[in-house]
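**Student:** Let me give you the structure first, and then I'll get to my questions.
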Amino acid sequence: MTRAASSIASPETLPRHIAITMDGNGRWAAAQGLARSSGHEAGLAPVRLCVEECSQLGVEALTLFAFSSENWSRPAEEVASLMGLFFSAIDREVGELGRKGVRLRIIGDRKALSIRLQARIASAEQRTAGNAGLRLQLAVSYGGRWDIVQAARKLAGQCASGALRPDQIDEARFAGALELGALPDVDLLIRTGGERRISNFLLWNLAYAELYFSDRLWPDFDLAELARALEFFAGRERRFGLTGGQVQAEHPPVAQ
Ligand code: FPP
C-alpha cells in the first residue's frame, strides 16, 4: 500500500471529488536555472502520481487546473509550450488512462484551442468514455466566471426557445448546465505553490469544499503531501451550514 493510501483511516473520510490548482511550475524551474517550460514538463510527473493514487483509493473524481482563462495573457512562447505539452501528453497518456479505467474529460472554453488540439481532446475523450473508474477532468482555458456565464447562456437559450420556463431553473438544474455537470461538488481543493486564493477555479462547485494550501511547488508534490491533504480532510467536521451539534446527532461517532 502506498503512503497516501495507508494514511486513510476510513473510506467514509475519503473525499469523493478532489480538485487541484497546480501552481509553482515557473518558480520550480527558475530555482533550477531552467526555462519555465521545463517546470511545466516536470509538472506532469505529479499529475500521473495523483491520477494513480486517486484511482487506487477509489476517489470518484479528480479535477486539475491546467490552464486558466487568464493564462492566455502569458508570453506567447510559454502559451505555445503549454499547448504543445497538452497536445503531446494527452496522446501519450491516453493508453495508460484506459488501462487504469480512467475517464478523461476536458473542461473549459475549448473553442479557444487550436483545431488540432480540439480534435486530439475529442479523440481522447471518446477513447476513455466507456471507462468506469476515476473521472478525470482537465481544466484548460477554464475560468469559474466563464463557466457560470456559459451555463446561464445555455439555460437562457432553452428559455428563449420555449424548452424551459425560468421558474424551472433551480440550483440543481443550474449546476447541471455547468462544465462539471452531474459530478459531485468538490470536497477538497488542494492548491500548491504557497498562494491562498481560489483564482477563479470552479467558483460554483467549491461552495462547501475544504481548502488545503501547500507551500510545495507543483513539480515537488508527492504522495506524502497528498497524504497530508487527505489527513487534513479526514480531520475536518463538515457542517454544510448546520451546527456542530446537529452534525454529530446525524453522524454519531461509531464505537470501536
Ligand atoms: C501554474 O504554475 C501552472 C500552470 C499554468 C500549468 C500547469 C500545467 C501542468 C502541471 C502540466 C500538466 C499537463 C497535463 C497534460 C495534465 P505557474 O507557471 O503559474 O508557476 P509560478 O507561479 O511559479 O510562476
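Here, each number is a calculation from the coordinates, and none is a lab measurement. Given the structure is predicted, the values throughout are model-derived calculations rather than measurements. In this analysis, Cβ positions are derived from the backbone assuming ideal geometry, glycine residues included, and neighbour counts consider all displayed protein chains.
**Student:** On a C-alpha basis, how far is the centre of the stretch 56-124 from the centre of the stretch 133-182 in Å? Whole number, if you could?
**Tutor:** 20
**Student:** Can you tell me how much longer the chain between residue 44 and residue 127 gets when fully stretched, taken as 0.36 nm per residue apart minus their C-alpha distance, in nm with one decimal?
**Tutor:** Full extension of this stretch gives 27.8 nm more.
**Student:** Working only with C-alpha atoms, what are the Rg and Dmax values of the stretch 140-238, expressed in angstrom?
**Tutor:** Cα radius of gyration and Dmax of the stretch 140-238 are 17.0, 53 Å respectively.
**Student:** Tell me the net charge near residue 146. Cut-off is 15 Å between Cβ atoms, residue 146 excluded, with +1 for each Lys or Arg and -1 for each Asp or Glu.
**Tutor:** My count for the surroundings of residue 146 gives +1.
**Student:** Next up: Can you order the peptides 50-56, 146-152 by their average number of other Cβ atoms within 10 Å per residue, highest first?
**Tutor:** Those peptides, ordered most packed to least, come out 50-56, 146-152.
**Student:** Let me ask you something else. If Rh is defined by the Kirkwood formula over all Cα pairs and Rg also comes from Cα, what ratio Rg/Rh do you get for the stretch 8-114?
**Tutor:** My calculation puts Rg/Rh at 0.99.
**Student:** In addition: Which translational diffusion coefficient, to the nearest whole µm²/s, is obtained for the stretch 82-199 from the Stokes-Einstein equation, given a Kirkwood hydrodynamic radius over C-alpha pairs, 25 °C and 0.890 mPa s?
**Tutor:** Estimated diffusion coefficient is 151 µm²/s.
**Student:** Still on this structure, I have one more. Pull up all non-local amide H partners of residue 68: gap of 5 or more, or a different chain, and H-to-H distance under 5 Å with H placed in the peptide plane.
**Tutor:** 141, 142
**Student:** Check which residues have an amide H placed less than 5 Å from residue 63's amide H, if you skip close sequence neighbours.
**Tutor:** 18, 19, 20, 137
**Student:** Same structure, new question: Give me log10 I(q)/I(0) at q = 0.13 Å⁻¹ for the chain, Debye formula, one equal scatterer per alpha-carbon, no solvent.
**Tutor:** After summing over all Cα pairs, the log10 values are -0.89.
**Student:** What does the charge count near residue 215 come to, summing +1 for each Lys or Arg and -1 for each Asp or Glu among other residues with Cβ under 12 Å from its Cβ?
**Tutor:** Once all neighbours under 12 Å are counted, the net charge is +1.
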